[in-house]
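All remarks here apply to the structure that follows.
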Amino acid sequence: MLLFSSKKELIGHLATLKNDATSVGLVPTMGALHKGHLSLVRKAISENEVVVVSIFVNPTQFDNKDDLKKYPVTLDSDLEYLKSISEELIIFAPEVTELYSNNISSKDYKFDGLDTTMEGKFRANHFLGVATVVEKLFLIVKPHKAYFGEKDFQQLLIIKKLVEKTKMPIEIIGCPIVREPNGLAMSSRNERLPKELRDKAAVIYETLLSAKHLFGMKSADKVMNWVKNKFDRQSEFDLEYINIAEQETLKPVKRKQQKTKYRAFIAVYANGVRLIDNLALN
C-alpha cells in the first residue's frame, strides 16, 4: 500500500500505471473510516485495476468551525483498516495547503436548485466546499469512476451535477447505506455519541420506515407532520428537518404518484451531534 501526501508525486505515480485499458477508481473520504467507507472501497476494487482512497478533512465544507475541530482524525488506524482489505490501494492524504495553497475558500457553482434545500438550507455554502474539494481530487487523480455513499444522497446528486457541468468523463457511482445492527446509518459522527444514546438513535431509521409505510396512504405534508410530532416527544433528539422529495430533483411533493421515485430525508441532533439519514419510499 502506497501513501502520498504530495499531489505532484501522486500524479507522477499514477502516470506510470495508467494506460488505455487501465480503469482507475477513486473513493473520497474524510477519514475516521467505518464499514460504510469500506463497502465503497470494496466496490471500487471489484471494478477497477487501480484504486485511490483520499483521506482529507475538508475545511471549506464546514459551516460550523467547532464541528471541524471536533471531527476525528485517525489516519494511522484508517491506514490499518484499509490495509486489511488490500495492500494494493493507493492512499492520498494531503495537508490543507497541498490542496488549497494559501487560499482556503470555495469556488462558486450552480447546481440548478439541488443545493438550496435540506443540507444546503441548513449548512451555508456546504456544497460549494464539497464540490470544490471533489473537483480538485478529480483533476489530480483523473479517475474513470468515483464512489460515494447514499447516506449523503443530496451530495451524491450534486457530485453528479458537478461532473455534468464540468464535462468530466467520470462515472459517479452511488453505494447503499451501511447500517449498524440497530439500523442507525453508519457515520464517523456516531463515535461521538454515548453508547446509550447511540442505541436509542435507532429511532431515526425506525421513523423513516414508518414514514415509508404512511406515505402510501397519506400526503407528504401529513407524513412529515407525523414525524415532527413524534420527535417533539423525543426529549433526547432535536429534529432539524424532515423532507419528502422527488428522488432525482429533490423537488417537494404532495402525494405519491406512479412512475415517480421518492425519498425521505431527515436530520436530527443527538447530544449536539448532527445525524442524517434517508430512505427510498418506493
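Just so you know, all these numbers are worked out from the coordinates, no wet-lab data involved. Note that this is a predicted model, so its numbers are computed, not measured. Using ideal geometry, Cβ is built from the backbone for each residue, glycine included, and neighbour counts are taken over all protein chains shown.
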Practice task
Using +1 at the Cβ of each Lys and Arg and -1 at the Cβ of each Asp and Glu in the chain, identify which of PRO252, PHE148, PRO169 lies farthest towards the dipole's positive end.
Solution key: PRO252
Problem - Cα gyration tensor, segment 199-241 - rounded (a/c under 1.5), prolate or oblate - result: oblate
Fill in the blank from the handout: The answer for PHE4, listing residues at least 5 apart or on another chain whose modeled amide H is closer than 5 Å to its amide H, is ILE91, PHE92, ALA93
Exercise for the section: Return the aspartates and glutamates within reach of LYS230: Cα separation strictly under 17 angstrom, same-chain partners fewer than 8 residues apart disregarded; answer none if there are no such residues. Expected result: GLU206, ASP221, ASP238, GLU240, ASP277
Problem - Computed helical MRE - 222 nm, the chain, DSSP H runs ≥ 4 contributing -39500 (n - 2.57), nearest 500 - result: -11500 deg cm²/dmol
Completion exercise
Interchain or sequence-distant (5+) residues whose placed amide H lies within less than 5 Å of the amide H of GLY31 are PHE56
Handout entry: Members of LYS18/LYS136; LYS69/LYS151; LYS8/LYS121; LYS8/LYS165; LYS35/LYS69; LYS121/LYS256 lying beyond 30 Å, as alpha-carbon distances in this model show
Key = LYS8/LYS121
Practice task
Once you have the Cα-Cα distance between HIS213 and SER84, take 0.36 nm times their residue separation minus that, and quote the gain in nm to one decimal.
Solution key: 42.5 nm
Exercise for the section: Enumerate the aspartates and glutamates that LYS7 could reach by cross-link, defined here as Cα to Cα under 14 Å, with residues fewer than 8 away along the same chain left out. Expected result: GLU95, GLU98, GLU135
Fill in the blank from the handout: Label model pair LYS8, GLU164: point-to-point distance (7 angstrom along the Cα→beta-carbon line) in nm is 3.8 nm
Practice task
Arrange the peptides 126-132, 34-40 so that the one whose residues have, on average, the most other Cβ atoms within 10 Å appears first.
Solution key: 126-132, 34-40
Practice task
Assuming a ≥ b ≥ c are the square roots of the Cα gyration tensor eigenvalues, decide whether segment 188-280 counts as rounded (a/c under 1.5), prolate (otherwise, with a/b larger than b/c) or oblate.
Solution key: prolate
Exercise for the section: Can you tell me which of 19-30, 245-256, 50-61 comes out highest on packing, and rank the rest after it, using the mean Cβ neighbours within 10 Å? Expected result: 50-61, 19-30, 245-256
Fill in the blank from the handout: To the nearest 20 debye, segment 1-104 has a Cα-centred charge dipole, built from +1 on Lys and Arg Cβ and -1 on Asp and Glu Cβ, of 140 debye
Practice task
Could you run the Karplus curve 6.51 cos²θ - 1.76 cosθ + 1.60 with θ = phi - 60° over segment 108-114 and give me ³J(HN,Hα) per residue in whole Hz, x for Gly and Pro?
Solution key: 9, 10, 10, 10, 6, x, 5
Fill in the blank from the handout: Of the residues VAL27, VAL53, HIS37, the Cα lying farthest along the dipole of segment 14-65 towards its positive end, which is defined by charges on the beta carbon of Lys, Arg, Asp and Glu, belongs to HIS37
Problem - Per-residue ³J(HN,Hα) for segment 141-154, Karplus 6.51 cos²θ - 1.76 cosθ + 1.60, θ = phi - 60°, Hz, x for Gly and Pro - result: 7, 6, x, 7, 9, 9, 10, 9, x, 6, 4, 9, 5, 4
Practice task
Could you check what % of the DSSP bridge pairs in the chain are antiparallel, to the nearest 5?
Solution key: 50 percent
Completion exercise
A student applying the Cα gyration tensor rule (rounded when a/c is under 1.5; otherwise prolate if a/b is larger than b/c, oblate if not) would label segment 134-223 oblate
